[in-house]
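The values are calculated or read from the model by the stated rules, or taken from the named source; none is laboratory data. As the structure is a computational prediction, the values presented were derived from the model and not from experiment. Cβ placement follows ideal geometry from the backbone for every residue including glycine, while neighbour counts extend to all protein chains displayed.
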Amino acid sequence: MNGIMNMTRVFFIGDIMAEMACEPYMTCNVDQRSFKAYFSRFLALTVKMAPFTTNYIMPKLQTSAKAAARFCSWGEDKNTCGLRWTEGQWEGLWGVGEQLSALETIQSNLILHSRDFVTENLGGTSKGDPGAGGSSTVIEETMRDITAKDRVGAAAVTIFAVVGVLWFGWFVALS
């Protein structure tokens, strides 16, 4: 796990998150502009599921959130978020991806204050049902025995399909 965590460093400039594949070159497409949102979300979930990662992840999420917040006062409405949080000024890019990335990075810092996951033993109310709500007796009642007619019919359909595929292959080969 530590190897995976150490590899996340390629997505940061210092402790500020950056989309390194495109952000430095200003070539991010619409999808790439939202990647920091997903990365932030899953880093926060990692903290929740593997608490030993907290000291590594949380400082990066906190620094990134502060940087993102500094880049959310731009545009005509003074409420537009930018993408390049490591820069000194807004780069002029805006859209759902930028807004989502900033929002998710900022709210990911709340993960330490969120409640534990709900499980059957921890507040859950749903009971597992391997039959998916059905009854095995219903299935058994609707099934019938396979007869000789069924076997002959299945063989005929199979032979017809195989002959059809072979004929089609022969036809295509000659064409």
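In the range 30-59, the residues that are outside the structural domain of residue 6 (by TED's automatic domain parsing) never reach a residue that is surrounded by fewer than 16 Cβ atoms within 10 Å (Cβ to Cβ) and in a loop (DSSP other than H, G, I, E, B) with C-beta atoms less than 8 angstrom apart, at least six apart or across chains. Exactly one residue out of 92, 97, 3 is over 20 Å from the mean Cα position of the chain (by Cα) and in a helix (DSSP H, G or I), and it is 3. Kindly check whether there is at least one residue in the range 86-96 that is in contact with a helix residue (DSSP H, G or I) (Cβ under 6 Å, 6 or more places away or on another chain) and either at pLDDT 90 or above or of a type in the set (A, V, I, L, M, F, W, C) (or both). Taking every residue of the range 86-96 in turn, none turns out to be in contact with a helix residue (DSSP H, G or I) (Cβ under 6 Å, 6 or more places away or on another chain) and either at pLDDT 90 or above or of a type in the set (A, V, I, L, M, F, W, C) (or both).
Any idea how many residues of the range 47-60 are part of a helix (DSSP H, G or I) and more than 14 Å from residue 109 (Cβ to Cβ)? Lay out the reasoning, then the answer.
Of the residues in the range 47-60, the ones part of a helix (DSSP H, G or I) are 47-49, 51-60.
Pick out the ones that are also more than 14 Å from residue 109 (Cβ to Cβ) and you get 49, 51-53, 55-56.
Of the residues in that region, 6 qualify.
Residues in the range 60-92 that are over 19 Å from residue 14 (Cβ atoms) and either acidic (Asp, Glu) or in contact (Cβ under 8 Å) with a residue 60 or more places away in the chain (or both): 76, 77.
Can you pull out the residues in the range 99-125 that are among the acidic types (Asp, Glu) and touching a Phe, Trp or Tyr at 6+ places or on another chain (Cβ under 8 Å)?
Step one: filter the range 99-125 for residues among the acidic types (Asp, Glu), giving 104, 116, 120.
Residue satisfying the conditions is 104 alone.
With (1) part of a helix (DSSP H, G or I); (2) in contact with a strand residue (DSSP E or B) (Cβ under 9 Å, 6 or more places away or on another chain) as the list, and residue 72 as the residue in question, which single condition is left unmet? Going through the list (1) part of a helix (DSSP H, G or I); (2) in contact with a strand residue (DSSP E or B) (Cβ under 9 Å, 6 or more places away or on another chain), residue 72 breaks only (1).
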